[in-house]
Amino acid sequence: MSGSGAADCRPFKSLKNSALSARAYMSFELLGIGTTTPQHSIEQADAAVHAEALSCSAVSTDQQRRLLPILYRRAGVKTRHSVVLESSTNGEMARQTFYPPATSDGDYGPTTSHRMEAYETHASALAISAVSQALQDGNVNADEITHLVTVSCSGFSAPGFDILLMKELGFSPDVSRTHIGFMGCHGALNGLRVAKSFTDSNPEARVVVCAVELCSLHQQYGWCPDKIVANALFADGAAAVVGKQATDPAGDRWKLACSGSTVVPDSEEMMSWRIGNHGFEMTLSPQIPDLINATLRNWLEHWLSQQDLTIEEIGCWAIHPGGPRILNAVAEAAGFDEGLLTPSREILAQFGNMSSPTVLFILKKLQAENAALPCMMLGFGPGLTIEAALVR
């Protein structure tokens, strides 16, 4: 657990008031953040009713039928948005026809090909909306963008949503494109790391990071507790950030100072995300919270010490809400007050787990609330991987 893969940001303290600080300390200045979701949403109790027709067959036991809505209630989600919905919960059940009820125990729903057709149809609109908001929020023109970093683990197509986004928003065809695929819920943190690398090497660079996930396209049929938990958590959304190299380390804008990463040894089977014949299949071990509790603090203390910081000096936390138990494990491992989990819990309740964009929804919320800095961003993914980013 000693390796960190971190960019050293210690010069921030020692050079904060120095005329040399702009050159000696490079960070990615967050100019604007945009977030968006599909038009229609579903309340969690409504989603559980829909799920029964997919997860509980004629041979399902009464115990399974009773357990399913309990698993949905325990997910910490109140509402979720999805591209497959044709109406929202509003006094009557939300409507969708993408997932027909199972006709037999061997019916696993739409094929992966059909699901990817839906991904290609819907991903670009969400990306365009999120990036448009980020540009407007940052007062940046589309023709200023030099680099585009896209993030997604829930679908594939080529040409991808990056091409359509550039065309629709008027980006130069010469924009450098980088795609970060299939890295899971921490993908946006990887995207921010790449963006910072671009701006560190080129002070004229203006970079957009756009994370788009359509997790609801991977609803799994049949009775499998791991998959039902995933069905109860995941949702659709997109988020984007536009930024540049910071020229004033003491300025008011939030800045990505550095990032760190570690893979927990011998944890490969704890979480997986694999392509199946009927969507992408998630496995989530119930041991993940215990593993986070046992390993996170030592690594986090070591990494923060390289930045001349302690856990107690972190002002706010943007923790990817993989689920209520994961949030609880982070708070217990790090030893901070439960109240610091509130932003992550509120985003989970309002939007569900949207995979990679979710942590940017939380970051935007913290900015709007003028939360105390520094901010620690954390995400977890297959590996088991821990990704961190420090915002000052």
For this session: Could you check region 269-357 for helices (runs of 4 or more DSSP H) lying wholly inside it with 3 or more residues that are in contact (Cβ under 8 Å) with a residue 12 or more places away in the chain, on the phi > 0 side of the Ramachandran plot and in contact with a Gly (Cβ under 6 Å, 6 or more places away or on another chain)?
Result: none
For this session: Return a yes/no flag: does region 45-61 have any residue that is of a type in the set (G, A, S), open to solvent by less than 40 Å² (accessible area, probe 1.4 Å), within 30 Å of A188 (Cα to Cα) and not in a helix (DSSP H, G or I).
Result: no
Exercise. With S344, S355 as the choices, which residue is closer than 27 Å to I42 by Cα, open to solvent by less than 10 Å² (accessible area, probe 1.4 Å) and touching a Cys at 6+ places or on another chain (Cβ under 7 Å)?
Worked result: S355
Exercise. If you check G160, G109, which single one turns out to be in contact with a helix residue (DSSP H, G or I) (Cβ under 9 Å, 6 or more places away or on another chain) and in contact (Cβ under 8 Å) with a residue 60 or more places away in the chain?
Worked result: G109
For this session: Considering only region 216-241, state which residues are among the hydrophobic types (A, V, I, L, M, F, W, C), touching a His at 6+ places or on another chain (Cβ under 9 Å), outside any helix (DSSP H, G or I) and open to solvent by less than 10 Å² (accessible area, probe 1.4 Å).
Result: A235
Seminar exercise, completed: Scanning region 93-138 residue by residue, those polar (S, T, N, Q), within 22 Å of the chain's Cα centre (by Cα) and open to solvent by 70 Å² or more (accessible area, probe 1.4 Å) turn out to be T121, Q136
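The values are calculated or read from the model by the stated rules, or taken from the named source; none is laboratory data. This is a predicted model, so every value here is computed, not measured. Here the Cβ is made from the backbone with ideal geometry for all residues, glycine too, and neighbour counts use every protein chain on show. Just so you know, the surface numbers come from the protein's heavy atoms only, side chains and all, with ligands and any DNA or RNA stripped out. Shrake-Rupley method; radii C 1.70, N 1.55, O 1.52, S 1.80 Å.
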